[in-house]
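The structure appears below as structure tokens.
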Amino acid sequence: MFPFARLRELASAAGLDAVGVSRAVPVTEGQAHYLEWLAKGYHGEMHYLERNLEKRFDPTLLVPGAQSIVSVLLSYKFEGEGVWSVEPKVSRYAILRDYHNILKERLYHLLELLRTTCGNVHGRAFVDSAPFLDRYWAMRSGLGWIGQHSLLISPQLGSFTFIGALVVDIDLEATEVSVRNRCGNCNRCVEACPTGALMGRGQMDARKCIAYLTIEKKSPLTEEEQASLSGWAYGCDICQEVCPWNQRAARTRLANEVIVSRSLLNDFAVGIRSLPSESPMTRASAARLRALLVDKKSSDA
Ligand code: B12
Ligand code: SF4
Ligand code: SF4
């Protein structure tokens, strides 16, 4: 069995901030939670979440011979003021090169390092891409707990983290420990959410979440939805900004991956520049994003 201490060294060398390992077995305890969430229609128009349920609940169907799941975290916790502080706001993660690419590059680097150490290893990286339960596996590997805002909180890194995973066909020492939920009596995220998307006990109605409305919803926003955006044009960080675990968390090492500035956003808003192709904001409708950025600018004038 490959020792975890050695894996942690390799993950750090690959530029990853935290790592944990679970055995690749079918998911049992998280299934009911997920299916109930779908049944209530909380996923809105994100119909892809209804598909490939068999694979979503069984990682061995995604990677033949899978034995271990390496979950990793990468912090994007910026400190101080930024484009997320001034309206029209965009989420912190959106100013970076697309995290799917950053994390996949680092995960495949880790796979290469594993191959150099262990020989022939077959594996595949997942970052918010395939039918894979990113948060569930991260939680199971002992990286943190699911907070009231429904995000994974790492005691060291807080919740401003991206989650990725490497599913491999070798036996790695598992770190499956249950991390106690340390939200305690705090309810700040639920109280701060301006749309009522958070319903307590980690439950969320994604249809009301500003991130869903500005990024995922394909059909036009209703007037009520438009009015609920609280100055956000792309994503929303409010429930994480108020979380005490993010005040004490270590800061990001991704400053060199920032590719969008306020002036670029302003130029994009008035149509004189495009967004870099590697920006995650290219995933949203350009017309809607521009309208949200311009609307706010003209109402400020
Ligand atoms: C759909 C989606 C959304 C939707 C719905 C969000 C949601 N809460 O489900 C919308 C568009 C709203 C969204 C918004 C955001 N998202 Co998003 N999103 C996803 C996606 C693609 C799927 C999530 C999903 O399946 N939801 C359905 C619910 C039911 O599943 P789940 O919460 O994962 O629950 C599982 C576990 O948590 C576990 N579980 C939960 N509670 C409990 C309790 C017990 C007792 C047990 C046993 C298990 C358990 O069981 C479930 C499995 O059945 C994931 C990537 C992925 N493939 O997982 C990213 C992901 C969750 N998003 C992410 C991010 C960064 C965001 C935003 C912060 C972006 C932004 N700034 O705008 C916001 C945050 C909003 C919020 N408060 O959640 C990150 C979260 C990182 C983290 N630290 O947790 C992820 C993991 C992407 C990634 N790979 O980094 N997102
Ligand atoms: S991201 Fe914003 S809208 Fe979504 S749950 Fe958090 S506070 Fe509410
Ligand atoms: S704000 Fe409070 S309740 Fe919400 S996730 Fe953070 S610690 Fe938990």
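Of note:
- The set of residues in region 26-83 being small (Gly, Ala, Ser) and assigned to a helix (DSSP H, G or I) consists of ALA32, ALA39.
- Sole exception among (1) over 22 Å from LEU213 (Cα atoms); (2) in contact with a Lys or Arg (Cβ under 8 Å, 6 or more places away or on another chain) for VAL70, by number: (2)
- Residue list for region 150-188, restricted to those being on the phi > 0 side of the Ramachandran plot and buried (at least 17 other Cβ atoms within 10 Å of the Cβ): SER150, GLY158
- Within region 126-149, the set of residues being surrounded by fewer than 24 Cβ atoms within 10 Å (Cβ to Cβ) and of a type in the set (S, T, N, Q) comprises just one member, SER129.
- Extreme residue, nearest to GLU50 (Cα to Cα), among residues of region 126-148 that are more than 8 Å from ligand 1 (Cβ to nearest atom) and not in a loop (DSSP other than H, G, I, E, B): TRP137
- Selection of region 1-51 for residues being of a type in the set (Lys, Arg), touching a strand residue (DSSP E or B) at 6+ places or on another chain (Cβ under 8 Å) and surrounded by fewer than 16 Cβ atoms within 10 Å (Cβ to Cβ) yields only ARG23.
- Of all residues in region 149-189, those satisfying the criterion of being assigned to a loop (DSSP other than H, G, I, E, B), within 16 Å of ligand 2 (Cβ to nearest atom) and within 17 Å of the chain's Cα centre (by Cα) are HIS149, SER150, LEU151, SER159, PHE160.
- Within region 152-201, being of a type outside the set (Gly, Ala, Ser), under 19 Å from ALA14 (Cα atoms) and within 9 Å of ligand 1 (Cβ to nearest atom) holds for LEU157, THR161, PHE162, ILE163.
- Every residue from region 204-261 that is within 11 Å of ligand 2 (Cβ to nearest atom) and of a type in the set (Lys, Arg): ARG207, LYS208
- Candidate set from region 108-125 (those that are hydroxyl-bearing (Ser, Thr, Tyr) and either assigned to a loop (DSSP other than H, G, I, E, B) or at pLDDT 95 or above (or both)); member that is surrounded by the fewest Cβ atoms within 10 Å (Cβ to Cβ): THR116
The values are calculated or read from the model by the stated rules, or taken from the named source; none is laboratory data. As the structure is a prediction and not an experimental result, all values here were calculated from the model. All Cβ positions, glycine included, derive from the backbone under ideal geometry; neighbour counts span all protein chains shown.
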